[in-house]
């Protein structure tokens, strides 16, 4: 793309996706409200504009979905799909899930997460090179979701493969959207019945027992279909994002070996390194909203019915919000990153993602204080909302 011509951003352009940050910088400077006529959407790239949209859910609605292709497909969204609801229904469903998906429950998973990470990495200690995504990063999030839900470990790989396949797109192509693909709840149906007869200390049992007041004012428990929706949303939201976070941690610390050495020398820096990675390379680099009413932005009218893309990765590197934003720094204070959103739809799984990223990195650094990436055989993939590593072969030593 020429620096002298009009700025162009396309979420399906593989060349742009390879390094979108120069384009984001131009958008912030030259076209803070951008319109793509090829795919018919608007985009915002500045931190303050994205904050406005994330907190104004009435104007910038999630009820049509948080992904551009889902908004364009105009499919019916099942009730209880938190990522695709607005208040008041959203608040009722979120409050119920928050009651069972508590900080205590997340914290209690750490020994199990660490044990799985150790076992996974132990089998690689005598290997000179391996694909970090295939051998480790892709495995961790779905195993953790399995731990949370009480699904037997032997069944977790098959669940990950099914969940992964739903999100897979061809490079440069749009996601194929249907209601059936959106909510493949058959994935978990047999476990609901099994867990109802074999209660345990897990989130699925809590969901089966939880009473709440629904939109009609009736106090009741969740139906089987509603529980399936909750669980499917939980599994889908946490799988690919967290796997790619682990991939980015590995890539960035290969690119900045001096900072990696600092983490090896002082593991107390690891939580902040995770935060800086979430800022510097957010796996969910953009989210979409449906514009419910005409709205004025940067002297122009965005008409009702439009799709609006919020460039989270751009907000995380906005020079008006960050000092030297294109520098990766594990010592940086990162209190206002937008990787997990803001306001009503702030990511309910943020604490779990941070825990997984921290534990995974602690265990990687404990075994492999140095590694190099085989860049020629690595593959970066992206969708309209996700960006991360598909394959990531590394050499350790």
Note to self: Please go through segment 246-262 and give me each residue that is surrounded by fewer than 20 Cβ atoms within 10 Å (Cβ to Cβ) and in contact (Cβ under 8 Å) with a residue 60 or more places away in the chain, ordered by number.
What the structure shows: 252, 254, 255, 256, 257, 259, 261, 262
Notebook entry, point to check: Of everything in segment 93-130 that's crowded, with 16+ Cβ neighbours inside 10 Å and in contact with a strand residue (DSSP E or B) (Cβ under 9 Å, 6 or more places away or on another chain), which residue is farthest from residue 205 (Cα to Cα)?
Noted result: 130
Next item on the list: Of all residues in segment 186-238, count the ones that are without any contact (Cβ under 8 Å) to a residue 40 or more places away in the chain, closer than 27 Å to residue 65 by Cβ, out of contact with any helix residue (DSSP H, G or I) (no Cβ under 8 Å at 6 or more places or on another chain) and part of a helix (DSSP H, G or I).
Entry: 1
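Give the residue, chosen from 24, 34, that is in contact with a helix residue (DSSP H, G or I) (Cβ under 9 Å, 6 or more places away or on another chain) and in a helix (DSSP H, G or I). Quick ask: steps written out before the conclusion?
On the way: 34 fails: in a helix (DSSP H, G or I).
Only one candidate qualifies: 24.
Of everything in segment 292-312 that's outside any strand (DSSP E or B) and free of Cβ contacts under 8 Å to residues at least 40 places away in the same chain, which residue is surrounded by the fewest Cβ atoms within 10 Å (Cβ to Cβ)? Write out each step before concluding.
Kept after step one, since they are outside any strand (DSSP E or B), are these residues of segment 292-312: 292-294, 298-299, 303-306, 311-312.
Of the ones still in play, those that are also free of Cβ contacts under 8 Å to residues at least 40 places away in the same chain are 294, 299, 303-305.
On the way: 294: 12, 299: 6, 303: 10, 304: 12, 305: 12.
It comes out as 299.
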Notebook entry, point to check: Failed condition for residue 396, given (1) under 24 Å from residue 235 (Cβ atoms); (2) more than 18 Å from the chain's Cα centre (by Cα), with all others met?
Noted result: (1)
Next item on the list: Would you check if there is a residue in segment 323-336 being at negative phi, surrounded by 17 or more Cβ atoms within 10 Å (Cβ to Cβ) and touching a strand residue (DSSP E or B) at 6+ places or on another chain (Cβ under 8 Å)?
Entry: no
Item checked: Any hit, segment 370-378, residues being touching a helix residue (DSSP H, G or I) at 6+ places or on another chain (Cβ under 9 Å), assigned to a loop (DSSP other than H, G, I, E, B), in contact (Cβ under 8 Å) with a residue 40 or more places away in the chain and within 26 Å of residue 230 (Cα to Cα) -> no
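Could you list, in sequence order, the residues of segment 45-61 that are in a helix (DSSP H, G or I) and touching a helix residue (DSSP H, G or I) at 6+ places or on another chain (Cβ under 6 Å)?
The first filter runs over segment 45-61 and keeps only residues in a helix (DSSP H, G or I), leaving 47-55.
Selection gives 47, 50, 54, 55.
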Item checked: Matching entry among 377, 316, 320 (being closer than 20 Å to residue 22 by Cβ and more than 23 Å from the chain's Cα centre (by Cα)) -> 320
Note to self: Looking at (1) farther than 19 Å from residue 365 by Cβ; (2) in contact with a strand residue (DSSP E or B) (Cβ under 9 Å, 6 or more places away or on another chain); (3) crowded, with 16+ Cβ neighbours inside 10 Å, which one does residue 134 not meet, given that it meets all the others?
What the structure shows: (3)
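Among what's in segment 260-291 and is out of contact with any strand residue (DSSP E or B) (no Cβ under 7 Å at 6 or more places or on another chain) and outside any helix (DSSP H, G or I), pick the residue that is farthest from residue 61 (Cα to Cα). Let's see the steps before the verdict.
Going through segment 260-291, the residues out of contact with any strand residue (DSSP E or B) (no Cβ under 7 Å at 6 or more places or on another chain) turn out to be 260-282.
With the extra rule that they be outside any helix (DSSP H, G or I), the set shrinks to 266, 281-282.
Numbers: 266: 43, 281: 25, 282: 22 Å.
Out of the qualifying residues, it is 266.
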Check: Taking the stated definitions as given, is residue 289 surrounded by fewer than 19 Cβ atoms within 10 Å (Cβ to Cβ), at pLDDT 95 or above and more than 26 Å from residue 254 (Cβ to Cβ)?
Finding: no
Next item on the list: Answer yes if at least one residue in segment 63-76 is more than 30 Å from residue 210 (Cα to Cα) and assigned to a strand (DSSP E or B), and no otherwise.
Entry: no
Item checked: Which numbered condition residue 247 fails, given (1) in a helix (DSSP H, G or I); (2) over 30 Å from residue 329 (Cβ atoms); (3) modelled with pLDDT of 85 or more -> (2)
Margin query: Condition first: within 16 Å of residue 346 (Cβ to Cβ) and either more than 22 Å from the chain's Cα centre (by Cα) or free of Cβ contacts under 8 Å to residues at least 12 places away in the same chain (or both). Can you find one or more residues in segment 85-98 that meet it?
Written below: no
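Report whether or not residue 352 is in a loop (DSSP other than H, G, I, E, B), out of contact with any strand residue (DSSP E or B) (no Cβ under 6 Å at 6 or more places or on another chain) and within 22 Å of residue 386 (Cα to Cα).
No.
The values are calculated or read from the model by the stated rules, or taken from the named source; none is laboratory data. Please read all numbers here as calculations on a predicted model, not as lab measurements. Note that we place each Cβ from the backbone using ideal geometry, even for glycine, and neighbour counts take in every protein chain shown.
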